[in-house]
Amino acid sequence: MKYFPFLFLFLLTACDSKKSANSDVERWQQQAENITIIRDGFGVPHIYGKTDADAVFGLLYAQCEDDFNRVEQNYIWATGRLAEVEGEEAIYSDLRAKLFMTEDEAKANYEKSPEWLKDLCNAFADGINYYLHTHPEVTPKLLTKFEPWMPMYFSEGSIGGDIERVSTQKIKAFYEGDMEIPTAELDSIQSKKEELEPAGSNGIAISGKLTQSGNPILLINPHTSFFFRGEVHVVSEEGLNAYGAVTWGQFFVYQGFNEKTGWMHTSTYTDVIDEFKEDLVKIDDKLMYRYGEELREVETSEVSLKFKDGDSLSEKTFPMYRTHHGPITHANDGKWTATAMMWEPVKALEQSFIRTKQDGYKGFREMMDIKTNSSNNTVYADAEGNIAYFHGNFIPKRDTSFNYRQPVDGSNPNTDWQGLHDVDDHITLLNPENGWLQNCNSTPFTSAAEFSPKRENYPNYMSVDRENFRGIHAIDLLSNNKDYTLDSVIELAHDPYLPAFKDLIPGLVSAYNNSSPKNESLKPAIDILRNWDFKTSKSSIAMTLAHFYGTAMYRDAEWPNHIDNAIEAHIYFGKESPEEERLEIFESVIKDLETDFRTWQLSWGEVNRYQRLNGDIQQEFDDSKPSIPIGFASGRWGALAAYGVSYSNPEAKKIYGTRGNSFVAVVEFGDTVKAKSMLAGGQSGDPDSPHFNDQAQRYADKEFKTVPYYKDDVLKVAEEEYHPGQRDKE
């Protein structure tokens, strides 16, 4: 009998838990009745809800239907629990997440959010949890219940956002006691970065004076890893009607448009992250740091992180240190170094959602005053006829006597950020006289040719003045065209010319011409390149030779110390590098092609392929399995329609694209909005879905689909219509 009270308490707790679960299900079912999901002929979900929260509930439910794997993975990473799935090697990614925000801090941010934002966060969690409830066959890798505070960790839709710029290698070196990464290892890390496909995106806005219709046209052309975002349309009776790309697991359209405005983000060169070397001293077992004439105490805490260890979980406990500059993330010159960045998750979520509901330039410009879109530039167009460009959004004021491109002395109060610049101080453009503007992750000082902002009018930390080949390519095309339509902008965005080879390939041909004695076995390949027009296509053998030669030059040639960007490198390798080196590298390219493919005479489409085998986030490419020839090329060479590689299978010989053109849209704003779009592969991550790969061949052929934006048009192409939880019942 002595156990009876405990048994009673257990049963009472179990009953309460069951009541709570039943209450949640009833609430979800009731909310689902306010939501209709219409799937069009490409599986794109058009979500209609009474309130914004209803629309968010439906949006997250639909995302989970399409690719729960990616929704979950993003939050495993963002909330700092990756090592529980991937093992101890991921633990410093988790520690990085916790250094900037603990779970308790995320919960506190949720609690202090305005009620309307709480409603959206609640709907986010409810939509995913209802999906899991209605799909018991789905087994999460880790997250069996989603919480409304989780979006605080994932408040803007860039790949990784600012936090990914904080090196996990440096965190590991610091926390494992080595303090700093040895120079040789740093050189290796930098070398690997240089070999990677350039990250970035293209945004182009064209005013009505250059279009056939007289309406502005916006090109939305992010370059991300394939399948990183889905395509959605989300509508409420509270003014939401946004179409575009959503990063899996987020409740706002990240790149897209509504009936009146459109927004495209490109990664920014604005300096938004700074490092402060702290001067530490220990006094009476307290860790202090110098700040001017005073000593301040270092905030110290601990975090325990779990990691997969065989079939079980193990745990490591780490100290965490913080100054007023930010968390200590690494050491520099033997000094503990704090990393400062924008970390305002509530405001960032507010801005990301508010952006999608603006109906003109005035409201859009006021939204930018929230100043939390830190990792991005914004290219904009609207139905009022405006086109605009915003370079960055979160820009701390700094003392320009210090070089913030390097770590600064945190003990000197003059190095502190001095508030934020007003948006009016930022590098911006509104309706330039030439009628177009562009950003391809390039300098803002050529964004509208001669009508661009002037470098001398801005502090140097607002932007690096660095051009790239995509920027050069876009400017050349835009400077020589007019009478644009949606279709002609699609053609422009896929122009095959590759400006990076303009110096590189003639330099190789010249080296061969000047060589003595000549390697006659190279002559046929050299002659193909001699007659090449520097345009990519599926049938081009020259493109194959040029790609492998250019890649080998990046990897194997000697780089002079004075070269710090790709354009300078190509000029050097084409005109100044040793001619013997050029020929040696090209000879090795020919030999490698003959070894791998038995011939160097390969059309680009034979080598450059698209393959999606399953729903895995990282594909195991296989030359023996079906794939599609692709005529696009790497953004490194100046291809606007970038198609590149960020990882590969060593067993595969062919090139399989993993990033570049992913979601692409062209949008015309007038009395009504018109748009065409493309999604790499398809909407669904399920290989059994008809929408897993139904856009793959269209992607290769540049065959965009017409966007059904208005409900009458959506109903004409409707494939399914249902409430969340009732898809199989109707």
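The values are calculated or read from the model by the stated rules, or taken from the named source; none is laboratory data. Bear in mind the structure is a predicted one, so any value in this text is a computation, not a measurement. Note that each Cβ is placed from the backbone with ideal geometry, even for glycine, and that neighbours are counted across all protein chains shown. In case anyone asks, the SASA skips ligands and DNA or RNA and just uses the protein heavy atoms, side chains included. Shrake-Rupley method; radii C 1.70, N 1.55, O 1.52, S 1.80 Å.
Computed quantities for the displayed model
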item	result
Number of the condition not met by P222 [criteria: (1) at pLDDT 95 or above; (2) under 20 Å from Y380 (Cβ atoms)]	(1)
Some residue of region 560-577 being farther than 27 Å from G631 by Cβ and of a type in the set (S, T, Y)	yes
Residue that is of a type in the set (G, A, S), modelled with pLDDT of 95 or more and more than 26 Å from I387 (Cβ to Cβ), where the choices are A665, A641, A718, A675	A718
Residue identified as in contact with a strand residue (DSSP E or B) (Cβ under 7 Å, 6 or more places away or on another chain), in contact (Cβ under 8 Å) with a residue 12 or more places away in the chain and open to solvent by 30 Å² or more (accessible area, probe 1.4 Å) among K482, K502, K538, K575	K538
Any hit, region 608-630, residues being outside any helix (DSSP H, G or I), aliphatic (A, V, I, L, M), under 23 Å from the mean Cα position of the chain (by Cα) and closer than 30 Å to D465 by Cβ	no
Within region 248-288, strands (runs of 3 or more DSSP E) holding 1 or more residues that are open to solvent by less than 10 Å² (accessible area, probe 1.4 Å)	255-257, 261-267, 274-277
Pick from region 562-572, criterion modelled with pLDDT under 90 and surrounded by 14 or more Cβ atoms within 10 Å (Cβ to Cβ), ranking: farthest from A552 (Cα to Cα)	I563
Enumeration of residues in region 44-55 that are farther than 9 Å from V235 by Cα and hydrophobic (A, V, I, L, M, F, W, C)	V44, A53
Leading residue by the ranking (most open to solvent (accessible area, probe 1.4 Å)) among those in region 656-678 that are assigned to a loop (DSSP other than H, G, I, E, B) and over 20 Å from V645 (Cα atoms)	D671
Restricting region 289-300 to residues that are closer than 10 Å to T323 by Cβ and in contact (Cβ under 8 Å) with a residue 40 or more places away in the chain, the residue that is least open to solvent (accessible area, probe 1.4 Å)	Y289
Close pairs (8 angstrom Cβ cut-off, 6 or more residues apart or separate chains): open to solvent by 10 Å² or more (accessible area, probe 1.4 Å) in region 113-128, among the small types (G, A, S) and assigned to a helix (DSSP H, G or I) anywhere	D119/A53; N122/A53
Meets criteria (open to solvent by 30 Å² or more (accessible area, probe 1.4 Å), in contact (Cβ under 8 Å) with a residue 40 or more places away in the chain and more than 25 Å from the chain's Cα centre (by Cα)) for K306	yes
Subset of region 433-443 that is over 20 Å from V666 (Cβ atoms) and open to solvent by less than 10 Å² (accessible area, probe 1.4 Å) - its residue that is modelled with the highest pLDDT	T443
Some residue of region 499-516 being within 25 Å of the chain's Cα centre (by Cα) and closer than 27 Å to W436 by Cα	yes
Those residues of region 692-721 which are of a type outside the set (F, W, Y), within 18 Å of I38 (Cα to Cα) and open to solvent by less than 20 Å² (accessible area, probe 1.4 Å), in sequence order	K705, V707, P708, V714
Every residue from region 704-724 that is among the charged types (D, E, K, R) and in contact (Cβ under 8 Å) with a residue 24 or more places away in the chain	K705, K711, E719, E720, E721
Single residue of region 545-559 satisfying the filter (open to solvent by 30 Å² or more (accessible area, probe 1.4 Å) and in a loop (DSSP other than H, G, I, E, B)) that is nearest to I472 (Cα to Cα)	W559
Selection from region 157-173 of residues that are assigned to a loop (DSSP other than H, G, I, E, B) and in contact with an Asp or Glu (Cβ under 9 Å, 6 or more places away or on another chain)	S158
Extreme residue, most open to solvent (accessible area, probe 1.4 Å), among residues of region 309-318 that are without any contact (Cβ under 8 Å) to a residue 60 or more places away in the chain and in a strand (DSSP E or B)	E315
Selection within region 637-664 - within 27 Å of F257 (Cα to Cα) and of a type in the set (V, I, T)	T658, V664
The listed residue being assigned to a helix (DSSP H, G or I), surrounded by fewer than 20 Cβ atoms within 10 Å (Cβ to Cβ) and polar (S, T, N, Q), out of S588, S646	S588
Subset of region 353-377 that is open to solvent by 40 Å² or more (accessible area, probe 1.4 Å) and either of a type in the set (S, T, Y) or in a helix (DSSP H, G or I) (or both) - its residue that is farthest from P114 (Cα to Cα)	Y361
Answer residue from region 393-405, given it is open to solvent by 30 Å² or more (accessible area, probe 1.4 Å) and in contact (Cβ under 8 Å) with a residue 40 or more places away in the chain and is nearest to T339 (Cα to Cα) among those	R405
Test: I217 is touching a strand residue (DSSP E or B) at 6+ places or on another chain (Cβ under 7 Å), at pLDDT 90 or above, within 26 Å of M341 (Cβ to Cβ) and aliphatic (A, V, I, L, M)	no
Within region 464-479, tally of residues that are crowded, with 16+ Cβ neighbours inside 10 Å, in contact with a strand residue (DSSP E or B) (Cβ under 9 Å, 6 or more places away or on another chain) and in a loop (DSSP other than H, G, I, E, B)	1
Qualifying residue in region 458-475 (condition: of a type in the set (K, R), within 27 Å of the chain's Cα centre (by Cα) and at pLDDT below 95)	yes
Residues of region 224-247 that turn out to be assigned to a strand (DSSP E or B) and either within 28 Å of L715 (Cβ to Cβ) or open to solvent by less than 10 Å² (accessible area, probe 1.4 Å) (or both), as a count	16
Some residue of region 490-513 being at pLDDT below 95 and of a type in the set (V, I, T)	no
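Residues are listed down the side, and each one gets a yes or a no for (1) in contact with a Pro (Cβ under 9 Å, 6 or more places away or on another chain); (2) touching a residue at least 60 places away in the same chain (Cβ under 8 Å); (3) more than 14 Å from W77 (Cα to Cα); (4) of a type outside the set (V, I, T):
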residue	(1), (2), (3), (4)
L132	yes, yes, yes, yes
L142	no, yes, no, yes
P148	no, no, yes, yes
P151	yes, yes, no, yes
